[in-house]
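In what follows, a structure is listed as structure tokens, so that the remarks can point back to it.
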Amino acid sequence: MPAKPVPPGECPQCWQHAHDKSIHRRLKPREDCTPCIDHMVNGCPSLVPKKSRWF
Ligand SMILES: [Zn+2]
Ligand SMILES: [Zn+2]
């Protein structure tokens, strides 16, 4: 469970990795975070939808 809710228009993974340092602390000092690299290279596959107009 993320500490903060992901705001609309943000990538859930990038948001969680940016705010939950424990995710990256599990990596070795020189180890890259694969999901973060993937989003950096390929872009974020899915963003949290904005709630306007949908309800
Ligand atoms: Zn990461
Ligand atoms: Zn992302």
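The values are calculated or read from the model by the stated rules, or taken from the named source; none is laboratory data. Just so it is clear, the structure is predicted and the values come from calculations on it, not from any experiment. With ideal geometry, Cβ positions are generated from the backbone for all residues, glycine too; neighbour counts draw on all protein chains shown. Only protein heavy atoms, including side chains, enter the accessible area calculation; ligands, DNA and RNA are left aside. Shrake-Rupley method; radii C 1.70, N 1.55, O 1.52, S 1.80 Å.
Structure notes:
- Whole-percent carbon and sulfur share, accessible surface of the chain, 1.4 Å: 57 percent
- Cross-link partners of Lys21 among aspartates and glutamates, defined as those whose alpha carbon lies under 15 angstrom from its own and excluding same-chain residues fewer than eight positions apart: Glu31, Asp32.
- Put simply, when 26-35, 4-13 are sorted by average Cβ atoms within 10 angstrom per residue, most first, you get 4-13, 26-35.
- Within the chain: Cβ-based charge dipole about Cα centre, in debye rounded to nearest 20 (Lys, Arg +1; Asp, Glu -1): 200 debye
- All alpha carbon pair distances within the chain were sorted into 5 Å bins beginning at 0; the resulting P(r) in whole percents reads 4, 18, 25, 22, 17, 8, 4, 2, 1, 0.
- Candidates Ser46, Pro12, Leu27 compared by Cα position along the dipole of the chain: farthest toward the positive end lies Pro12, with charges placed on Cβ.
- Asp20 sits among other residues whose Cβ lies under 11 Å from its own Cβ, and their net charge, with Lys and Arg +1 and Asp and Glu -1, is +4.
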